[in-house]
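The values are calculated or read from the model by the stated rules, or taken from the named source; none is laboratory data. This is a predicted model, so every value here is computed, not measured. Using ideal geometry, Cβ is built from the backbone for each residue, glycine included, and neighbour counts are taken over all protein chains shown. Surface accessibility is based on the protein's heavy atoms, side chains included, excluding ligands, DNA and RNA. Shrake-Rupley method; radii C 1.70, N 1.55, O 1.52, S 1.80 Å.
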Amino acid sequence: SAAEREAELKKWEATPEGIKYKKWELSPAGQKVYAAEAKIRKNITDSTNMEGVVTSLSLPPGSRLGFGVMVRINGDDYILNFAPEKSQLEQLHSLQVNDKIIIRSRNVSHAPKYAYPIVGGDYVERDSKIIYKRIPRKDGC
């Protein structure tokens, strides 16, 4: 229930990890991440096109997100994370720094470990050609 969920959240916030997370949320780094998320929130909610530029073909050192690239959208940097099938890797590996791409996503998240919001890539287009489209799981959610 909502009351149980709220009670568990309060309990977690009192743990060392919860305290550390709350401090990060209020820090300049946390506020920067939240501000960048807010800039693209409407696009995420509506799953509409966002124009981006690839800034790096690798994720920040120590990342454990799998395959992804760094992109700049509306002047802010984001981690663009993918869950590609093997058949899609070749097209994603064709991305180059400074490529202009169109991105659609329905998910943006964050973690204190990363100085950037994490955008889950659902669809990527370059030069009016689809180079990635997330394949829905066969077993439901």
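Helix by helix, which DSSP H runs in the chain go 27 Å or more along their axis at the Cα atoms and have an average Kyte-Doolittle hydropathy of -1.0 or more?
Details: long enough: 28-46 (28 Å, -0.73).
Those that clear 27 Å and a mean of -1.0 are 28-46.
Take every pair of alpha-carbon atoms less than 8 Å apart whose residues are at least six positions apart; their mean separation over the length of the stretch 2-141 yields a relative contact order of 22 percent.
Each residue, LYS100 and THR55, gets one label point 7 Å from its Cα in the Cβ direction; the gap between the two is 1.8 nm.
About the Cα centre of the chain, how large is the charge dipole given +1 on each Lys and Arg Cβ and -1 on each Asp and Glu Cβ? Please answer in debye to the nearest 20. Let's see the in-between values first.
Details: 23 positive and 18 negative charges, 17 e Å.
Approximately 80 debye in magnitude.
Per residue, the accessible area of the chain comes to 65 Å² when a 1.4 Å probe rolls over the protein heavy atoms.
Only protein atoms count toward the accessible area here, which uses a 1.4 Å probe; on the chain, the carbon and sulfur part of that area reaches 53 percent.
If you average over every viewing direction, what projected area does the convex hull of the Cα atoms of the stretch 1-86 give, in nm²? Mind dumping the intermediate values first?
Values: hull surface 34.0 nm².
Here the figure is 8.5 nm², rounded to one decimal.
Taking the chain as the region of interest, the number of lysine pairs whose Cα atoms are within less than 14 Å, with members eight or more places apart or on different chains, is 11.
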